[in-house]
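First the structure, in the form of structure tokens, and then the observations on it.
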């Protein structure tokens, strides 16, 4: 991945286009990320109900899908990419 954070400016989106948020994390940070993800989903629930944002994370990949391909497609389509990591994932 040649960038970590990409944001598509509001003026570059159509009014009906949702802000796509992709949340990614290292597998070893699963427990920490679940806590953060729960808090984020709660905080963004209002915006999702208003269909202003769409939050995606790896846990939403359906069984039988090609995981790497799905992740690549979702990250490429995202307006915001949120990378969650702990100190342990940097070792």
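No lab work stands behind these numbers, since they all come straight from the coordinates. What you see is a predicted model, and the numbers here were worked out from it, not measured in a lab. Glycine gets a Cβ as well: all are built from the backbone with ideal geometry, and neighbour counts include every protein chain shown.
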Added length on full extension, which subtracts the Cα-Cα distance from 0.36 nm per residue, residue 43 to residue 17: 7.4 nm
Spatial separation of Cα centroids for the stretch 16-43 and the stretch 53-85, in angstrom: 10
Ratio Rg/Rh, restricted to the stretch 17-90 and using Cα atoms, in which Rh is the Kirkwood radius: 0.97
Two-site label geometry, residue 66 and residue 51: point separation in nm, points 7 Å out along Cα→Cβ: 3.1
The stretch 39-82 shape via C-alpha gyration tensor axes, a/c threshold 1.5: prolate
